[in-house]
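The values are calculated or read from the model by the stated rules, or taken from the named source; none is laboratory data. Values in this document were obtained by computation on a predicted structure and should not be read as measured data. Every residue, glycine as well, gets a Cβ built from its backbone with ideal geometry; the counts of neighbours run over all protein chains shown. Only protein heavy atoms, including side chains, enter the accessible area calculation; ligands, DNA and RNA are left aside. Shrake-Rupley method; radii C 1.70, N 1.55, O 1.52, S 1.80 Å.
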Amino acid sequence: SQQQGGNRYECYQETWQRKDDDQIALENDLRRALEQNEFQLYYQPKVDLKTGQIIGAEALIRWIDSKRGFVSPGVFIPLAEEIGLIEAIGEWVLRTACKQTKAWHRLGLKEMQIAVNLSGRQFNLPDIRQRVLEVLLSEGLPPSCLELELTESFLIEHEDSSIQKLNRLKALGLQIAIDDFGTGYSSLSYLQQFPFDVLKLDRCFIQDINQNQKNQVIVEAVIKMAHELNLQVVAEGVETQAELELLRQYQCDIIQGYLLSRPLPPQDFQNLVESNKYL
Ligand code: C2E
Ligand code: CA
Ligand code: CA
Ligand code: CA
């Protein structure tokens, strides 16, 4: 190892080294979390704006590490993708979400739908259709109650095979949502090319919509266009009643956000649905 030289290069190397160690430690903790079943799923309600009813939930993964505390999925999901753990984590998420939703059906929460985030690497598995089918069959969840949320980022590279793959997944009877719509590239051509059922408008368009007239124009136009293309629209990140009113005016179909509820543990989600007191 180097002697104390105090030069910049050494400095740089030290921070680099440290970052590397942190990364490796996080990777190890992530692998252990998977092995020891330390992940949890939370459920954020989605409400139909026409009826005011909770029609389903988005499943969102949670990890509370004994040393680190809460680690955001925004941090560990990209890492899990990088190191190839996402396939296994994603499979756990899918199975757990379907099992929970089936349990809710049995408890009388009839036809509750579940939306599950599918990472690009998971989608690219050659047998993804078979894997999804296996989970649906073994958990006994009707395919029509499952929605898979995909971001456009990974559809760019192999367009033709992605379209084929999406169609084969859809043929199982489930729905496909394009997530974070409006944040990536060539969004509009994607809508026309890919067989999506649902468009999730990204939170960035919603968060300042009452002050930002440009975003109002965009949101209204996207909702109109989506409806012309027979897509349902879900608005993410709805935090205020004023945002809700505007989205209702634009005939948005479904909303999701802190206004209704943060993502909840399963029992809390069930209590909320049963209380009928969310809007
Ligand atoms: P996403 O799929 O866009 O999920 C929506 C995120 O917005 C969630 O953050 C949710 O808690 C948050 N959110 C919902 N309503 C509001 C609101 O009104 N205001 C604000 N400020 N935020 C709101 P979360 O749970 O931290 O997840 C972050 C991202 O991590 C997700 O973004 C998704 O890309 C990824 N992720 C989470 N769970 C999973 C999973 O099970 N599998 C995969 N592949 N990715 C996941
Ligand atoms: Ca999502
Ligand atoms: Ca999103
Ligand atoms: Ca996102």
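Of the residues 256, 241, 249, which single one is within 16 Å of ligand 4 (Cβ to nearest atom) and under 30 Å from residue 276 (Cα atoms)?
Numbers: 241 fails: within 16 Å of ligand 4 (Cβ to nearest atom); 249 fails: within 16 Å of ligand 4 (Cβ to nearest atom).
Unique residue meeting the criteria: 256.
Listed here are the residues, each with its yes/no results for (1) closer than 19 Å to residue 260 by Cα; (2) within 16 Å of ligand 3 (Cβ to nearest atom); (3) surrounded by 18 or more Cβ atoms within 10 Å (Cβ to Cβ).
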{"position": "56", "(1), (2), (3)": "yes, yes, yes"}
{"position": "60", "(1), (2), (3)": "yes, yes, yes"}
{"position": "63", "(1), (2), (3)": "no, no, yes"}
{"position": "69", "(1), (2), (3)": "no, no, no"}
{"position": "74", "(1), (2), (3)": "no, yes, no"}
{"position": "86", "(1), (2), (3)": "no, no, yes"}
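Out of the stretch 202-234, which residues are under 19 Å from residue 116 (Cβ atoms) and within 15 Å of ligand 4 (Cβ to nearest atom)?
Within the stretch 202-234, 202, 203, 234 meet the criteria.
For residue 102, indicate whether it is without any contact (Cβ under 8 Å) to a residue 40 or more places away in the chain, away from ligand 4 (no atom under 16 Å from the Cβ), open to solvent by 40 Å² or more (accessible area, probe 1.4 Å) and farther than 30 Å from residue 24 by Cβ.
On the way: without any contact (Cβ under 8 Å) to a residue 40 or more places away in the chain: yes; away from ligand 4 (no atom under 16 Å from the Cβ): yes; open to solvent by 40 Å² or more (accessible area, probe 1.4 Å): yes; farther than 30 Å from residue 24 by Cβ: yes.
Yes.
Just the residues that are closer than 23 Å to residue 166 by Cβ, part of a loop (DSSP other than H, G, I, E, B), away from ligand 2 (no atom under 15 Å from the Cβ) and open to solvent by 20 Å² or more (accessible area, probe 1.4 Å), please, taken from the stretch 197-247.
Residues satisfying the conditions are 229, 230.
Can you name the residue in the stretch 116-127 that is closer than 21 Å to residue 100 by Cβ and in contact (Cβ under 8 Å) with a residue 40 or more places away in the chain and, of all such residues, is farthest from the chain's Cα centre (by Cα)? Reasoning before the result, please.
Residues of the stretch 116-127 that are closer than 21 Å to residue 100 by Cβ, as a first pass: 116-119, 122.
Those still in the list that are in contact (Cβ under 8 Å) with a residue 40 or more places away in the chain too: 116-117, 119.
Numbers: 116: 6, 117: 4, 119: 9 Å.
Ranking the candidates gives 119 first.
Residues that are farther than 22 Å from residue 234 by Cα, of a type in the set (Val, Ile, Thr) and away from ligand 2 (no atom under 16 Å from the Cβ): find the strands (runs of 3 or more DSSP E) completely inside the stretch 23-141 holding 1 or more of those. Don't jump to the end; show me each part of the working.
Values: elements: 39-48, 54-65, 69-71, 113-117.
Where strands (runs of 3 or more DSSP E) fall fully within the stretch 23-141 and carry at least 1 residues being farther than 22 Å from residue 234 by Cα, of a type in the set (Val, Ile, Thr) and away from ligand 2 (no atom under 16 Å from the Cβ), they are 54-65, 69-71.
Do we have residue 148 as closer than 28 Å to residue 96 by Cβ, open to solvent by less than 40 Å² (accessible area, probe 1.4 Å), assigned to a loop (DSSP other than H, G, I, E, B) and at pLDDT 95 or above here? Working first, answer last.
Numbers: closer than 28 Å to residue 96 by Cβ: yes; open to solvent by less than 40 Å² (accessible area, probe 1.4 Å): yes; assigned to a loop (DSSP other than H, G, I, E, B): no; at pLDDT 95 or above: yes.
Considered against the rule, which asks whether it is closer than 28 Å to residue 96 by Cβ, open to solvent by less than 40 Å² (accessible area, probe 1.4 Å), assigned to a loop (DSSP other than H, G, I, E, B) and at pLDDT 95 or above, residue 148 comes out as no.
Based on what the data block shows, is residue 138 open to solvent by 60 Å² or more (accessible area, probe 1.4 Å), within 16 Å of ligand 3 (Cβ to nearest atom) and either under 24 Å from residue 267 (Cβ atoms) or modelled with pLDDT under 95 (or both)? Don't jump to the end; show me each part of the working.
Details: open to solvent by 60 Å² or more (accessible area, probe 1.4 Å): yes; within 16 Å of ligand 3 (Cβ to nearest atom): no; either under 24 Å from residue 267 (Cβ atoms) or modelled with pLDDT under 95 (or both): yes.
No.
Output the residue which, of all residues in the stretch 172-196 that are within 13 Å of ligand 1 (Cβ to nearest atom) and more than 22 Å from residue 245 (Cα to Cα), is most open to solvent (accessible area, probe 1.4 Å).
Out of the qualifying residues, it is 183.
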